[in-house]
Amino acid sequence: MLLEATPLLFLGVLSSHVQAQSTCEEVTNKCTATHLCGLVMHSYRISCERERYGLTDNCSEVCRISIVDLSTTLLGFEFLHCDCADDSYCRTVRNRIRSCWNGRDDNSSGQRQLAPVDCGVARSTCLSDAVCAEAFRYYTSLCSEMLLGNTCNRRCNNSIYMLNKQKLAGQLDTCLCSDGECRRDRSNMLRLCFGVEDVADSSDCGWKSTPVLLVFKVILVRIFYSIVLYN
């Protein structure tokens with residue numbers, strides 16, 4: 001069960017599931033009060049200590065992995081999007097850390113200018129990087145029910161969103177699906193995570209048909225309104 005069927009460029013809509021109005025203090029208190037989230041929050045604080053205190057301009061691999069780990073918990077993911085309100089220190093740390101988890105620049109990705117590759121190649125490119133591979137591993141684990149065609153829950157949504165932020169996941173946006181399992185996984189994600197049917201011709205593995213592009217225009221509109229509602 002793999003993500004290789006899914007064009008991740010359009011999965012930013014998943015951020016609409018985040019309760020962005022919660023303050024960082026509230027979310028942090030809730031997280032540290034729970035066992036799992038408290039553990040990964042502690043690991044994040046240790047792994048990203050130099051980044052949080054502004055002692056380095058480069059985000060380490062161990063810090064980026066800890067952020068991916070944190071995002072797999074519901075409260076941890078909410079923490080990454082929480083509202084600092086009037087807390088200037090919170091905003092300073094947020095700005096220092098943002099580049100660690102917001103790795104991809106969707107407005108200027110050079111990968112998007114390349115001809116689409118087979119999804120197996122795109123997957124291998126992601127797996128060649130430790131952080132992208134970690135995000136991919138969480139996806140396959142947390143989205144197992146979605147891939148089976150059952151349900152797309154918040155943890156699955158969060159894992160897809162974080163995978164989408166990885167630089168080496170860029171070719172997964174436009175990769176060519178070459179088998180039935182790949183097309184089935186894509187259809188399940190559209191139906192369960194976006195609430196739309198896969199209206200593309202099954203022979204169109206490159207996602208170039210007009211109906212599918214229209215579906216993604218609808219998704220982009222949802223992204224726009226989710227940004228307006230949360231800001």
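The values are calculated or read from the model by the stated rules, or taken from the named source; none is laboratory data. Keep in mind it's a predicted model, so treat the numbers as computed, not measured. Methodologically, a virtual Cβ is constructed for each residue, glycine included, from the backbone with ideal geometry; neighbour enumeration extends over all protein chains shown. Remember, those area values only see protein heavy atoms, side chains included, never the ligands or the DNA or RNA. Shrake-Rupley method; radii C 1.70, N 1.55, O 1.52, S 1.80 Å.
So here's what we get for this one:
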| item | result |
| --- | --- |
| For I67, solvent-accessible area (1.4 Å; no DNA, RNA or ligand), Å² | 0 Å² |
| R94-L36 pseudo-label distance in nm [points 7 Å out on the Cα-to-Cβ vector] | 2.6 nm |
| Heavy atoms of R91 accessible to a 1.4 Å probe, total area in Å² rounded to 10 | 100 Å² |
| Amide H within-cut-off set for S178, under 5 Å, with H built and near neighbours excluded | C119 |
| Spread of Cα-to-Cα distances over 5 Å intervals beginning at zero, given as percent, for the range 138-192 | 4, 20, 26, 27, 20, 3 |
| Segments 183-190, 168-175 sorted - mean Cβ within 10 Å per residue, highest first | 168-175, 183-190 |
| Scaled radius of gyration (Cα, divided by 2.2 N^0.38 Å) that the range 20-171 gives | 1.08 |
| Proximal charge balance of E61 [Cβ under 14 Å; K/R count +1, D/E count -1] | -1 |
| Virtual spin-label span in nm between T23 and R137, 7 Å along Cα→Cβ | 3.7 nm |
